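Chemist: Following this message is one structure expressed as structure tokens.
FYI, it's all coordinate maths here, none of it is from the lab. Predicted, not measured: the structure shown is a model, and the values here were computed from it. Backbone-built Cβ (ideal geometry, glycine too); neighbour counts: all protein chains shown.
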Amino acid sequence: MYFDYIDLHNNSLEGSLPLPPAGGYLLDLSMNQFNGSIPSHIGAYLENARFLSLSRNNLSGAIPDSICTPYLQVLDLSKNTLSSVIPPHLTRNCSSLSVLDLAENHLEGKLPAEWGNITNMHTLKLNGNHLRGVIPSSISEGRSLQVLDLGNNDLEGTLPQWIGKLSQLHVLVLRSNHFHGSIPRQVIGLPNLQILDLSGNHLSGAIPSNLTNLLAMVNASQNNSNHLEENSSSGATYTNQIKISCKGWDVEFVKVLFILKCIDLSNNSLSGSIPFKMGSLQGLIALNLSRNHLSGRIPKTLGHMEQLESLDLSLNRLNGNIPLELEFLSYLEFLNLSYNMLDGKVPHGGQFLTFGESSYLGNLNLSGIPFTNISVCNNSSGYGNCTSIERIGEAKNSDGEMIGWAVGLGLSYGLGFSVVIGVLNLNKRVRKRAFDFYDVILAIDGCIRG
């Protein structure tokens, strides 16, 4: 029997993985409940296959060498319970492979020393496994790589300077490994990089100052119609999904929009000051430098980052005043400056009116923390008969009941909004109006319960 494509994803199918009829181009059995192992001779049925997705099942056991065939462009085995090592010659026969996604399995051992035909690969995702050892230099041959995600493994060693040769990289995620040493300047020189996540390692030294080389982050373009995806010649589409920390939540973005630009260097041992050139990254949406040993003042230039929505500098050794220039960050929705050595008065303009005491905890010499007043109007026109009330999340209450209720309500609303934002990637202006509406809803609800 001949088939052009078999698309049975998300059909609640279960049992052992069936062998497909030979000769077809597309096989998508993702998001089912297939269990057991992948047949060792499956490659004999994939001679002409361009697209193979078995992701989001319950498949276990080893990945067979034969699964990679000469015409295969997309191989997605992510989110199963596959174990053992990555076959050392997996990609040798895949001369056309552009996507290899083995993320969120139970794979172990070292990364293969040779990656065969990696020169045409656009996406390599091995995150969420138990891989160890160093990153092999053979990956440096992947000059077409746009997404390299090796996060949440047990990799070690220093960050290789040859990463700077991967000039087409849009996404570099190496979070939650055991890397040590400094951040190479070559990594900060990638012109197309829009997501850099090195959090949760043992990196030390200063943040490289050549930040203006991150041209994609310097550019404040808001073109959100384009996103990273792979279209195989079979007509099937693979869409990259990336999990990042944003606004205090780990959010999985279903599409990596070109507007999504983030740096996360948190939970390392970085020292020195925050480079003033950080402010040149005017396209950046989220910046997380928390849980390091950074010192000195917060650069005034951060006020130039006009697209910034999330800023976390907590748990460092920063001192001096909070720059008034940060009031210019009109899209800022999340701010955490807690547990530093900041002093002086907290700015009270712009988005600072919306931040509570939790944004400044542990800075003993700060003063003037505002309690925001919100005007709620009682008529449909929105004018007149307005009552000024304290924002619920920051209201003082002698018995503590209102505060406890407000925290629960805030988390509930916050989680819902974070998920919606993460999945839909709303336009910034729409997001700002949504959060303004959220604040008013909290205020009105507080009046009703009060």
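Chemist: Can you compute 3J(HN,Hα) from phi for each residue in segment 186-197, using the Karplus curve 6.51 cos²θ - 1.76 cosθ + 1.60 with θ = phi - 60°, rounded to whole Hz and x for Gly and Pro?
Modeler: Values per residue, Gly and Pro as x: 5, 5, 7, x, 7, x, 9, 5, 10, 10, 10, 10 Hz.
Chemist: For Asp343, what residues show an amide H to amide H distance below 5 Å, using hydrogens built from the backbone and excluding near sequence neighbours?
Modeler: The answer is Gly320, Asn321, Ile322.
Chemist: Projecting each Cα onto the charge dipole of segment 1-148 (Lys/Arg +1, Asp/Glu -1 at the beta carbon, about the Cα centre), which of Leu46, Ala22, Asn93 comes out farthest on the positive side?
Modeler: Asn93
Chemist: Also: How big is the Cα convex hull of segment 2-141 in projection, averaged over all directions, in nm²? Each step should come with its number before you reach the end.
Modeler: Values: hull surface 28.9 nm².
The number I arrive at for segment 2-141 is 7.2 nm².
Chemist: Considering only the other residues whose Cβ falls under 12 Å of the Cβ of Thr69, what net charge follows from Lys and Arg at +1 and Asp and Glu at -1?
Modeler: Once all neighbours under 12 Å are counted, the net charge is 0.
Chemist: Okay, moving on. Quick one: putting +1 on the C-beta of Lys and Arg, -1 on the C-beta of Asp and Glu, what dipole do you get for segment 5-372 around its Cα centre, in Debye to the nearest 20?
Modeler: 800
Chemist: Ranked by Cβ crowding within 10 angstrom, fewest neighbours first, how are Ser314, Ser84, Ser140 ordered?
Modeler: With the sparsest Cβ surroundings first, the list reads Ser84, Ser140, Ser314.
Chemist: Equivalent ellipsoid semi-axes for segment 5-372, as square roots of 5 times the alpha carbon gyration tensor eigenvalues: give them largest first, rounded to whole Å.
Modeler: 42, 20, 18
Chemist: On to the next question. In segment 19-123, what trypsin sites (Lys or Arg not before Pro) fall in a loop by DSSP, with at most 11 other Cβ atoms inside 10 Å? Could the numbers behind the result be given before it?
Modeler: Values: sites: Arg50, Arg56, Lys79, Arg92, Lys110; in loops: Arg50, Arg56, Lys79, Arg92.
Within segment 19-123, no trypsin sites (Lys or Arg not before Pro) qualify (loop, at most 11 other Cβ atoms within 10 Å).
Chemist: Can you put Trp115, Trp162 in order, fewest other beta carbons within 10 Å first?
Modeler: Trp162, Trp115
Chemist: Here's a follow-up. What is the distance, in nm, between label points placed 7 Å from the Cα along the Cα-to-Cβ direction at Lys300 and at Asn210?
Modeler: 2.9
Chemist: Same structure, new question: Arrange Met31, Met217 by Cβ neighbour counts within 10 Å, fewest through most, would you?
Modeler: Fewest-to-most Cβ neighbours within 10 Å comes out as Met31, Met217.
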